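S.K.: Below are the structure tokens for one structure; questions will follow.
The values are calculated or read from the model by the stated rules, or taken from the named source; none is laboratory data. The structure displayed is predicted, hence computed values, not measured ones. All Cβ positions, even for glycine, are placed from backbone atoms using ideal geometry, and neighbour counts span all protein chains on display.
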């Protein structure tokens, strides 16, 4: 048995068989049914060799608006995305292609960690879950979807409890994590910072909890 295989069951014990996956989406509005999903990033959480939670590999996609999608100008200005930018068009994928690719990679990590499902971790997680589920329904990728249909881990709640902060940037600063406001509202950057914050909070929990879970029969 390899070192990674030996550690894999620990993640399952810690989260009841769920693999935490940090997700952030950038969108052209607030309505998951009508507004475009423009960018998504996902980072699974794993253990390092010292038994600390760390961000795993990142999976990221720029996404073309689905046919008939609403593009709210104020939302686009806020996140700084121009769907008509030629460079963006050249790298963007349709929802089905992007989700199938990302789900394939996430399922490989999930299986390697001996987990049955992924659970979405996010800052205001139900916003991300809503847009993800709407895109899954439009793209017909339900069978590839690794995520639990409604359970989430929300770093807003965790940050409020631990730091008295609900804003991602402020919570990161409180945790000693660098945060560049100029990079904010990039799905990949926000996912990376949320993953770092989530790992910081988990690693600050009493080690006795992990010891108990690992030694349970």
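S.K.: If you check residue 118 against the conditions, is it modelled with pLDDT of 95 or more, within 24 Å of residue 18 (Cβ to Cβ) and in contact with a strand residue (DSSP E or B) (Cβ under 9 Å, 6 or more places away or on another chain)?
M.R.: Values: modelled with pLDDT of 95 or more: yes; within 24 Å of residue 18 (Cβ to Cβ): yes; in contact with a strand residue (DSSP E or B) (Cβ under 9 Å, 6 or more places away or on another chain): yes.
Criteria met by residue 118.
S.K.: Could you please give the count of residues in segment 52-71 that are touching a residue at least 60 places away in the same chain (Cβ under 8 Å) and part of a loop (DSSP other than H, G, I, E, B)?
M.R.: The number of residues fulfilling the criteria is 3.
S.K.: Name the helices (runs of 4 or more DSSP H) wholly within segment 122-217 that hold at least 2 residues that are at pLDDT 95 or above and in contact with a helix residue (DSSP H, G or I) (Cβ under 7 Å, 6 or more places away or on another chain)? Steps first, answer last, please.
M.R.: On the way: elements: 125-139, 155-163, 168-174, 187-204, 207-215.
In segment 122-217, the matching helices (runs of 4 or more DSSP H) lie at 125-139, 155-163, 168-174, 187-204.
S.K.: Can you tell me which of (1) closer than 21 Å to residue 47 by Cα; (2) surrounded by fewer than 18 Cβ atoms within 10 Å (Cβ to Cβ) is the one residue 164 doesn't meet?
M.R.: For residue 164, the failing item is (1).
S.K.: Return the only residue of 53, 66 being surrounded by 15 or more Cβ atoms within 10 Å (Cβ to Cβ) and modelled with pLDDT under 95.
M.R.: Working: 66 fails: modelled with pLDDT under 95.
Residue meeting the stated conditions: 53.
S.K.: Identify the single condition in (1) closer than 26 Å to residue 156 by Cβ; (2) touching a strand residue (DSSP E or B) at 6+ places or on another chain (Cβ under 9 Å); (3) assigned to a helix (DSSP H, G or I) that residue 74 does not satisfy, given that it satisfies every other one.
M.R.: Result: residue 74 fails condition (2) only.
S.K.: If you don't mind, there's one more thing I want to ask. Say whether the condition of being assigned to a loop (DSSP other than H, G, I, E, B), surrounded by 18 or more Cβ atoms within 10 Å (Cβ to Cβ) and either touching a residue at least 12 places away in the same chain (Cβ under 8 Å) or under 14 Å from the mean Cα position of the chain (by Cα) (or both) is met by at least one residue in segment 80-95.
M.R.: First, the residues of segment 80-95 that are assigned to a loop (DSSP other than H, G, I, E, B): 80-85, 92, 94.
Add one more test, that the residue is surrounded by 18 or more Cβ atoms within 10 Å (Cβ to Cβ), and what stays is 81, 92.
Now restrict to residues that are either touching a residue at least 12 places away in the same chain (Cβ under 8 Å) or under 14 Å from the mean Cα position of the chain (by Cα) (or both): 81, 92.
Yes, the conditions are met somewhere in segment 80-95.
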